[in-house]
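Asker: One structure follows; several queries about it will come next.
The values are calculated or read from the model by the stated rules, or taken from the named source; none is laboratory data. Just so it is clear, the model here is predicted, and its values are computed rather than measured. All Cβ positions, even for glycine, are placed from backbone atoms using ideal geometry, and neighbour counts span all protein chains on display. Just so you know, the surface numbers come from the protein's heavy atoms only, side chains and all, with ligands and any DNA or RNA stripped out. Shrake-Rupley method; radii C 1.70, N 1.55, O 1.52, S 1.80 Å.
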Amino acid sequence: MAYFAVSYQLNKSKEYKPLWAEFARLNAHKAMNDYYLVDVETDSAVVLRDHLAALVDNDDMIFVAKLESRPAPYKCNQGTKAWLDARF
């Protein structure tokens with residue numbers, strides 16, 4: 001299992017129910033608006049990025065970073081500390 005931080009910017013005020021449904025399916029934790037923590041089987045940020053990019057339009061942005069050590073959140077959404085405690 002590998003841990004990733006995923007941030008996205010959806011342009012032109014579109015709705016992306018498929019992307020949000022995929023975050024739910026992956027049991028991702030929403031640490032902040034448009035910023036999720038995900039644990040998945042792949043060890044590759046590129047593989048996760050490409051998987052999520054298939055769910056958005058070409059003018060949108062996705063940033064995926066593999067977490068190699070415990071991040072240091074400040075005032076994130078409820079449950080963020082618990083998500084990190086369970087994994088780091």
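Asker: Could you figure out which of (1) within 22 Å of Asp85 (Cβ to Cβ); (2) within 9 Å of the chain's Cα centre (by Cα); (3) among the β-branched types (Val, Ile, Thr) isn't true of Val64?
Answerer: (1)
Asker: Among (1) without any contact (Cβ under 8 Å) to a residue 60 or more places away in the chain; (2) open to solvent by less than 40 Å² (accessible area, probe 1.4 Å), there is one condition Ala5 misses while meeting the rest; what is its number?
Answerer: (1)
Asker: Starting from residues that are assigned to a loop (DSSP other than H, G, I, E, B) and under 13 Å from the mean Cα position of the chain (by Cα), keep the ones in the range 10-54 and report whichever is surrounded by the fewest Cβ atoms within 10 Å (Cβ to Cβ).
Answerer: It comes out as Asn33.
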